[in-house]
Amino acid sequence: MISAYICRKKNMQIVAKTFFGFEDLLEEELKALGAKNIEKGNRMVKYEGNKELLYRSNIWLRTAISVLMPIETFQFRDEDDLKKKLSYIKYSTYFSVTKSFAVKGAVNSKEFNHSQYPLLLLKDAIADHFRDSFNKRPDVDKSKPNVVFDLHIQDNECTVSLNSSGAPLFQRGYRKSVGEAPLNEIVAAALIMRSGWDRNSDLIDPFCGSGTIPIEAALMANDLPPMIERKNFGFKHWKDYDVNLFEALQDEIPRKPKAGLKFKIIGSDTDTQMILNSRENSRMLPVDNILKFEAKDFKDQEAPSDKGVLICNPPYGERLEIEALEEFYGEIGTFFKHKMGGFDCWIISSSTDGLKSVGLKPAKKIRVYNGDLECDFRKYEIFPGSLKEHKTRITEPRGRRPKTKK
Ligand SMILES: C[S@@+](CC[C@H](N)C(=O)[O-])C[C@H]1O[C@@H](n2cnc3c(N)ncnc32)[C@H](O)[C@@H]1O
């Protein structure tokens, strides 16, 4: 339990950033964490909370890229005015000169020909503030900074925030070995949430690569946070870092798999090295109660039961001839139909030709971005048994229905 003293800390504005299309998922996650006054925006969700919620958001949110704490928002007339107003902020309130820093952000304003220029102004304002106050300036470290500032400019409004996450939150800390096209962890978590999987039935990924989808699913099913392995966050380098609070939140995390789970999460891939990578990536996580990885071609995979969810991210076919691509996706469709009876089968792909060749009618289509690639995430509901059996099942009860007396 978090002490009453820590919980009494005052509320502040917090902003969690996400990828296009995941705002509603992030909002749901924030509600579950107890956030107040939640407001959905474009690729972000604003909310109110205290320091405990700020730390908790970093540890528990599956669909956030970063969690920001805005420190100043103001209007500016032009470049000189922006420069002047950035120089008023007392940056040394937030971090000490011994910490390295970096400035990131997004600028969308006619005032600047070069979108990187305002970032430079903020970097100089921070360095000048420290030099004027302490005759010493903190180092800039672009690759592994301790403290990260976020600058957001829209027209003539500027917001300077501290990025409490530091490195993006898709860097979970568990993925050590990856293949050529690993799925972003946030995208994997969002696909699992979108699929409607109940966290209580079989889940299978027959193109698992380095295991991202099965591992994210296993963490969810065990009520474990995505950041169970990650220990480094931006807020740890702030002057007000509360080590007791952070440790109390860490102590809440179960270190053992949940007992009594009756279903399986299976990842398989034809590439044996990928299976070794998946096992390596999940080795330190307490999820071996339900998680299993197997080296096999998708066509040899069997449904573990007669009901569940399949989510897959097959190759998009960049290195395949069109005929081979169509044949490959056609085989995926056949595999769904003949081997996955009773399952909801979801597939994410950027290949329109491939998806067409699956040859089944999708029950749902959702637009998703996998990095820069515009993809479709499609759902195929596979009837249990053969289609003929299914039709018989639907018509039988009607045929047998007793006639009502007139
Ligand atoms: C886009 S990657 C999947 C990446 C994965 N989601 C991850 O996060 O690492 C596609 C995977 O499909 C696998 N694959 C290709 N052909 C296959 C087949 N016939 N059966 C099973 N897996 C196959 C590849 O080895 C590759 O790991």
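In terms of Cα to Cα distance under 17 Å, which lysines are near enough to Lys104, apart from those fewer than 8 places away along the same chain?
Hits, sequence-local ones excluded: Lys17, Lys83, Lys123, Lys142, Lys144.
Can you pick out the pairs among Lys262/Lys292; Lys176/Lys264; Lys31/Lys258; Lys10/Lys51; Lys99/Lys239; Lys99/Lys236 whose Cα atoms lie more than 18 Å from each other?
Lys176/Lys264; Lys31/Lys258
Which residues does a label at Lys365 reach in the range 300-318, if reach means a backbone N under 19 Å from a point 7 Å past the Cα toward the Cβ?
Output list for this probe position: 312-314, 316-317.
Which one of Gln171, Gly196, Thr334 is farthest out on the positive end of the charge dipole of the chain, using unit charges on Cβ (Lys, Arg +1; Asp, Glu -1) and the Cα centre as origin?
It is Gly196, whose Cα lies furthest towards the positive end.
From the square roots a ≥ b ≥ c of the eigenvalues of the alpha-carbon gyration tensor of the range 260-319, which class results: rounded (a/c under 1.5), prolate (a/b over b/c), or oblate?
Cα axes put the range 260-319 in the oblate bin.
Which one of Ser115, Gly41, Tyr55 has its Cα pushed farthest toward the positive end of the charge dipole of the range 4-163, where Lys and Arg give +1 and Asp and Glu give -1 at the Cβ?
It is Tyr55, whose Cα lies furthest towards the positive end.
Just check the range 2-101 against the gyration tensor rule for me: Cα atoms, a ≥ b ≥ c as the square roots of the eigenvalues, rounded for a/c under 1.5, and otherwise prolate or oblate depending on whether a/b exceeds b/c.
Here the range 2-101 falls in the oblate category.
Pull out a ≥ b ≥ c, the square roots of the eigenvalues of the alpha-carbon gyration tensor of the range 152-220, then state rounded if a/c is under 1.5, prolate if not and a/b is larger than b/c, and oblate in the remaining case. Intermediate values should be presented prior to the final figure.
Working: a/c = 2.71, a/b = 1.95, b/c = 1.39.
Taking the square roots of the gyration eigenvalues as a ≥ b ≥ c, the range 152-220 is prolate.
What's the FRET efficiency of Asp198 with Asp128 using the Cβ-Cβ distance as r and R₀ = 45 Å, to the nearest 0.05?
In this case the efficiency is close to 0.25.
Calculate, for the range 72-191, the solvent-accessible area per residue in square angstrom, rolling a 1.4 angstrom probe over the heavy atoms of the protein chains.
51
Place the peptides 344-353, 254-263 in order of packing, highest mean first, counting for every residue the other Cβ atoms within 10 Å and averaging per peptide. Don't skip to the answer; put the middle values down first.
Details: 344-353: 21.5, 254-263: 11.2.
In descending order of packing, they fall as 344-353, 254-263.
Return the distance in nm (one decimal) between the two label points of a simple spin-label model at Asp353 and Asp24, each offset 7 Å from Cα along Cα→Cβ.
3.3
The values are calculated or read from the model by the stated rules, or taken from the named source; none is laboratory data. In this text the structure is predicted, and so the values were computed from the model without any measurement. Cβ: placed from backbone, ideal geometry, glycine included. Neighbour counts: every protein chain shown. These accessible areas exclude ligands, DNA and RNA; they are computed on the full protein's heavy atoms, side chains included. Shrake-Rupley method; radii C 1.70, N 1.55, O 1.52, S 1.80 Å.
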